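Notes to accompany the following structure.
The values are calculated or read from the model by the stated rules, or taken from the named source; none is laboratory data. Keep in mind that this is a model prediction, so the values were computed, not measured. With ideal geometry, Cβ positions are generated from the backbone for all residues, glycine too; neighbour counts draw on all protein chains shown. Surface areas here come from the heavy atoms of the whole protein model, side chains and all, with no ligands, DNA or RNA. Shrake-Rupley method; radii C 1.70, N 1.55, O 1.52, S 1.80 Å.
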Amino acid sequence: MNYTKQEVMQFINEEDVSFIRLAFCDVFGRQKNISIMPEELQRAFDYGIAIDASAVAGFGDEVHSDLFLHPDPSTLSAMPWRPEHGQVVRMYCSVTYPDGSLFENDTRSILIKAVETAEKAGYRFYFGSEMEFYLFKLDDYGENVKIPYDNAGYMDAAPYDKSENIRRDICLTLQEMGINPESCHHEEGPGQNEIDFRYSDALSAADDALTFRKVVQDIAMRNGLWASFSPKPFDDKPGNGFHINMSVKSLNGNEDISSPMIAGILDKIKDMTLFMNHTDESYKRLGCHKAPRYISWSSENRSQLIRIPAAQGEYKRMELRSPDPRANPYLAFALMIYAALYGIQNALPLEPASDINLYKADVNVLRSFRMLPQSKAEAAKIAASSEFLREFLPESIIKTYCE
């Protein structure tokens, strides 16, 4: 629900709210927050709430370290698992310097700018997330012992699937927060799960992805478990993917622009990979258990980097399969928008579909395909020299990721 500032103030006064979480994330997409009392909300709206930027990854050092959080009233949401009386609400924030100018490393603001750029060019992009995660048991001290919660397989049902009730709690909690999951099921790995979301505008989809990770972790902990979004928790088991569904609508006509959109993503994917896969573990996942290694596309084919799911009408889309769940969704979506715009505005031709199983293809066939970066070091080297990235991202963010 898109609240205004006045509606937020009214909600806080009428709904017995005791704490207000002002949420944001560091450059790697890890959620942060500070809680304020209701009496401080007007000050937050008028002036912002100060934070120590030097303690946040990618936000700077101790010199000129004051930054301010400004809550976005449209993102107000109650935290359903908190007390019914004296409840807790959350709003996402933009980050500024003391003079009110936008902080260039605020990744949510980077996505907002990308959306505005696309709209001015006459295009609107939509995103839907599919996120995988493992549920692990905890020891007597509450530490993760990396023992899967169950040994079920793909789309198994209870009693083999012990995670069924937890996924249900996650989905119902998200619905109470105004977020719309489409489906959920057990994945291939032991203790591995997937929850998929209905498409929405880019900013809402990124906010929801951040919220999703927090809800999963909190509900897992309430059930005596640990939720892991690690790209590759086990060497011999499937890794966790963050499959990003993307579609585009022309605001100026009915022309089909999906092909140059895909061509733009394929053209710039090597430049973007570091921001989709920013840990060493990320590169252990790519190339096995349905995670892509080659730069290619095809319809319905899960061995490809981009697949076109079998869908009709408003649900037609492309699915990018390389990102993992530790990616910052604001940066991931922003870069995908800019790459798609590059393809559309330059009328890039889409290469022929690769209607083969790349996991079983002959080595001579595979030599004809470009490959994704095979290590974080390779991805960082490509990113450091990318003119595409420097056009749209602050040098300080590129440097932080490369280091």
> Taking helices (runs of 4 or more DSSP H) that do not extend beyond the stretch 252-369, which have at least 3 residues that are of a type in the set (A, V, I, L, M, F, W, C), at pLDDT below 95 and surrounded by fewer than 20 Cβ atoms within 10 Å (Cβ to Cβ)?
Replying inline: 363-366
> In the stretch 20-31, what residues are within 15 Å of the chain's Cα centre (by Cα) and either over 21 Å from Phe275 (Cα atoms) or open to solvent by 20 Å² or more (accessible area, probe 1.4 Å) (or both)?
Replying inline: Phe28, Arg30, Gln31
> Restricting the search to the stretch 105-133, which residues are part of a strand (DSSP E or B) and over 16 Å from the mean Cα position of the chain (by Cα)?
Replying inline: Tyr123, Arg124
>> Given the condition within 30 Å of Ser250 (Cα to Cα), open to solvent by 70 Å² or more (accessible area, probe 1.4 Å) and at pLDDT 95 or above, answer yes or no: does some residue in the stretch 391-400 qualify?
In response: yes
> Does Gly239 meet the test of being out of contact with any Phe, Trp or Tyr (no Cβ under 8 Å at 6 or more places or on another chain), more than 13 Å from Met371 (Cα to Cα) and either at pLDDT 95 or above or part of a helix (DSSP H, G or I) (or both)?
Replying inline: yes
> Among the residues of the stretch 202-225, is any free of Cβ contacts under 8 Å to residues at least 24 places away in the same chain, hydrophobic (A, V, I, L, M, F, W, C), surrounded by fewer than 21 Cβ atoms within 10 Å (Cβ to Cβ) and assigned to a strand (DSSP E or B)?
Replying inline: no
> Would you call Leu372 buried (at least 16 other Cβ atoms within 10 Å of the Cβ) and not hydroxyl-bearing (Ser, Thr, Tyr)?
Replying inline: yes
> Going through the stretch 160-170 one residue at a time, which ones are buried (at least 19 other Cβ atoms within 10 Å of the Cβ) and not in a helix (DSSP H, G or I)?
Replying inline: Asp161, Ser163
>> Residue pairs, Cβ under 7 Å, 6 or more apart or interchain, first in the stretch 155-184 and more than 12 Å from Phe212 (Cα to Cα) and touching a residue at least 40 places away in the same chain (Cβ under 8 Å), second among the small types (Gly, Ala, Ser) and surrounded by 14 or more Cβ atoms within 10 Å (Cβ to Cβ). List them.
In response: Ile166/Ala220
>> If Gln42 meets every condition in (1) under 25 Å from Pro394 (Cα atoms); (2) more than 24 Å from the chain's Cα centre (by Cα); (3) polar (S, T, N, Q) apart from one, which number is that one?
In response: (1)
> Residues in the stretch 371-380: is at least one polar (S, T, N, Q) and farther than 15 Å from Met276 by Cβ?
Replying inline: no
>> Looking only at the stretch 105-157, filter to residues that are surrounded by fewer than 16 Cβ atoms within 10 Å (Cβ to Cβ) and aliphatic (A, V, I, L, M); which one of those is nearest to Met246 (Cα to Cα)?
In response: Ala121
> Quick check: anything in the stretch 171-182 in a strand (DSSP E or B), surrounded by fewer than 20 Cβ atoms within 10 Å (Cβ to Cβ) and either of a type in the set (D, E, K, R) or touching a helix residue (DSSP H, G or I) at 6+ places or on another chain (Cβ under 8 Å) (or both)?
Replying inline: yes
> Based on what the data block shows, is Phe242 surrounded by 21 or more Cβ atoms within 10 Å (Cβ to Cβ), closer than 19 Å to Pro80 by Cα and within 14 Å of the chain's Cα centre (by Cα)?
Replying inline: no
>> Can you tell me which residue is most open to solvent (accessible area, probe 1.4 Å) among those in the stretch 37-60 that are among the hydrophobic types (A, V, I, L, M, F, W, C), out of contact with any helix residue (DSSP H, G or I) (no Cβ under 6 Å at 6 or more places or on another chain) and outside any helix (DSSP H, G or I)?
In response: Met37
>> Which residue is farthest from Arg43 (Cα to Cα), if the candidates are limited to the stretch 64-104 and must be open to solvent by less than 30 Å² (accessible area, probe 1.4 Å) and part of a loop (DSSP other than H, G, I, E, B)?
In response: Met79
